[in-house]
There are 2 protein chains.
Amino acid sequence: MANSASGESIIRRFITIISAFDDKHTSMSVAELGRRTGLPVTTTYRLVDELLLERLLERDPKGNIQLGTRMWELASRGSKTLGLREAALPFMEDVQSVVQHSTTLGVLDSDEVLYIERLGSTSTIVDITKIAGRLPVHATSSGMVLLAHSPSAYQDMILSRPLTKYTETTLTDPAALRRHLAEIRQRGFAAMPGVIVPESSGIAVPVYGSDSTVVAALSVVVPRDEENTAARVPVLMTAARGISRALGWRGKLKGTLRQSH
Amino acid sequence: MANSASGESIIRRFITIISAFDDKHTSMSVAELGRRTGLPVTTTYRLVDELLLERLLERDPKGNIQLGTRMWELASRGSKTLGLREAALPFMEDVQSVVQHSTTLGVLDSDEVLYIERLGSTSTIVDITKIAGRLPVHATSSGMVLLAHSPSAYQDMILSRPLTKYTETTLTDPAALRRHLAEIRQRGFAAMPGVIVPESSGIAVPVYGSDSTVVAALSVVVPRDEENTAARVPVLMTAARGISRALGWRGKLKGTLRQSH
DNA sequence: GCATGATTACCATTGAGTGGGAATCCTTCA
DNA sequence: TGAAGGATTCCCACTCAATGGTAATCATGC
């Protein structure tokens, strides 16, 4: 699949190119793109030209290139992420109006949590989640909820690799993490104080899809010193049930009722 | 740029493939994808294989393929759409809480309006806008607001092509549309009753970017028989100013004050 | 068991893709 | 004004990735 000296296919290089753009680098010159991607200059120009033609890339007023609106459109239009987000948003607004700090919706992708929606200003609280941003599974409440409801093979995969200790309270010992996962399954939520930044606590609950598997985690981030974090749980639970139902989930009543207090 | 008999490049075919997915077709078999795209069978399988490998496509539990979460992530992460959406969402919620029907944010892309955000349930009102969906410029309030603030070359391009008459009230005469555009510029908003579906009215106002150009249109769709649609305008204006300011716009006060009633 | 359709395997053919090098075109700064 | 540094475009000979037909194999349902 590669005509190139480096052995990369066009698709591979296409991904390299769009990966060079993120929230801190939304536009750049072609030459800079070439440097960032490590692609040969000529090749970069040729590829960018074609992508501009197809409108997957665009030029901004200054002549720099950026991701095209068409790219966003095509990727969003048919994606299940959009459906999930749309189902969740109204309920997330409810949560946000009560909790006031920051509300996020995350899914598992590859070996990390990918946040697909986030409400709440960045200023009110220390919360490093971003839409379309990633965080490690073991150090986030969302991640742990999702992991708790994943196949054991996946759990093994995550827990067997070296885990970063972000703060004093980050658990990195596989055995301790497994105990925590069991606890999360039993209680129906994850509460993790200061595991990624010391100032904040995350609380997360699972969201179910129509096939009754866990498809996402709904979470809030609150200041760590807040008195009664557990008081947030019912709010989250209620919202998560609403989202699940909107996704076509037809509740397993007992389990959920047991969990709700 | 093409090795193929049809003269299409890989990038072109890649676009053909992801374009085959939309909100009504989120997953399908490879063979069906081949049929939908018109690509040779073998080629479809080969291409899909590579895209699965790169995780731009994914298999669902049934073995069908769908757009990968990675695709959404890469396209969202670096896109200006995300920034616009994030700036707008809080203000859109305000509008939605007052107007109660449906609130949308649209941009001009190619020769249509592309909606990048939408609040409000689909059930309360007849409103065919969808997130990542498109509608024609001349038949939407958002489109007309955006067109009113576009370069005249662009206006000419739009107005010189055949325009679909959706309902009795859809304007399709270029001269009449130009008069309407002038009116929109002067008043600062567009109000269009039943131009695309007879039951609904759209009202839209411009959103400014940091360079004081119009970057988006904020709009609400309300039942057409609602008494005083003009009463919605100040709400929209206020929200649009808020969004503009969040985008770094440093108001041209007179213009906007004049427009506000 | 037997269609019908989806998926995988095989393989000869060829032009799209490649990338080094050099020529322009901008900026910027002295 | 002029020179230096960088971005962009032009040129071109080489080659293997991509192609797509045919056929075998693998589901699935009736």
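The values are calculated or read from the model by the stated rules, or taken from the named source; none is laboratory data. Just so we're clear, the structure is a prediction, and the values are computed from it rather than from any experiment. Note that we place each Cβ from the backbone using ideal geometry, even for glycine, and neighbour counts take in every protein chain shown. Ligands, DNA and RNA are excluded from the accessible area calculation, which covers all protein heavy atoms including side chains. Shrake-Rupley method; radii C 1.70, N 1.55, O 1.52, S 1.80 Å.
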At 7 angstrom along the Cα-to-beta-carbon line, where would the label on A:Asn64 sit relative to the other copies? Give the distances in nm, shortest first.
4.1
Relative contact order (%) - criterion: Cα under 8 Å, at least six apart; region: chain B:
14
Provide, for q = 0.06, 0.09 Å⁻¹, the log10 of I(q)/I(0) from a solvent-free Debye sum over equal Cα point scatterers in the protein assembly as shown.
-0.31, -0.71
Sorted shortest first, the nm distances from the A:Pro198 label point (7 Å along Cα→Cβ) to its counterparts in the other copies are 6.9
The long-range amide H neighbours of B:Ser9, using H built 1.01 Å from N in the peptide plane and a cut-off of under 5 Å, are none
In whole Å, what are the extents of segment B:10-75 along the principal axes defined by its C-alpha atoms, from largest to smallest?
29, 26, 21
Taking GluC sites (Glu not before Pro) as exposed when in a DSSP loop with at most 11 other Cβ atoms inside 10 Å, chain A has its longest clean stretch at A:1-167
Cα-Cα longer than 29 Å, checked against A:Lys80/A:Lys165; A:Lys24/A:Lys80; B:Lys62/B:Lys130; A:Lys80/B:Lys80; A:Lys62/B:Lys165; A:Lys130/B:Lys130, kept in input order, equals A:Lys80/A:Lys165; A:Lys62/B:Lys165
Given a Förster distance of 25 Å, report the FRET efficiency between B:His25 and A:Thr213 from their Cβ-Cβ distance, rounded to the nearest 0.05.
0.65
Given label points at 7 Å from Cα along Cα→Cβ, what nm distances, shortest first, separate A:Lys165 from the same residue in every other copy?
7.6
Average accessible surface area per residue within the protein assembly as shown, 1.4 Å rolling probe, Å²:
44
Cα-centred dipole magnitude for the protein assembly as shown, charges only on beta-carbon of K, R (+1) and D, E (-1), debye, nearest 20:
140
Which residue fluctuates the most in chain B, going by a Gaussian network model with Cα springs under 10 Å, if the choices are B:Arg179, B:Arg187, B:Arg46?
B:Arg46
Computed lengthening from A:Asp173 to A:Glu227, 0.36 nm per intervening residue step minus Cα-Cα distance:
16.7 nm
Nonlocal amide H pairs with A:Tyr208, under 5 Å, H built at 1.01 Å:
A:Val215, A:Ser244
Only Lys, Arg (+1) and Asp, Glu (-1) charged, at Cβ; chain B dipole about Cα centre in debye:
600
Computed over the Cα atoms, what is the radius of gyration of segment B:91-141 divided by 2.2 N^0.38 Å, N being its residue count?
1.13
Chain B: Rg/Rh from Cα coordinates, Kirkwood Rh?
1.03
With springs connecting C-alpha atoms under 10 Å apart, model chain B as a Gaussian network and identify which of B:Ile11, B:Ile243, B:Ile196 has the largest mean-square fluctuation.
B:Ile11
Spelling out what I want: for every residue of segment A:147-162, take phi, set θ = phi - 60°, compute 6.51 cos²θ - 1.76 cosθ + 1.60 (Karplus), and round to whole Hz; glycine and proline get x.
5, 4, 10, 9, x, 5, 4, 5, 4, 4, 4, 5, 6, 8, 9, x
Measuring from centroid to centroid over Cα atoms, what is the spacing of segment A:1-80 and segment B:149-183 in Å?
34
Of B:Ser76, B:Ser102, B:Ser244, the one that fluctuates the most in a GNM where chain B has Cα springs shorter than 10 Å:
B:Ser76
On complex formation of A with B, accessible surface lost, both sides summed, probe 1.4 Å, nearest 100 Å², amounts to 4900
With r defined as the distance between the Cβ atoms of A:Ser152 and B:Arg55 and R0 fixed at 35 Å, what FRET efficiency is calculated, to the nearest 0.05?
0.95
Which residue is it, in chain A, whose C-beta lies closest to the A-to-B rotation axis, and what is that distance in whole Å?
A:Ala75, 2
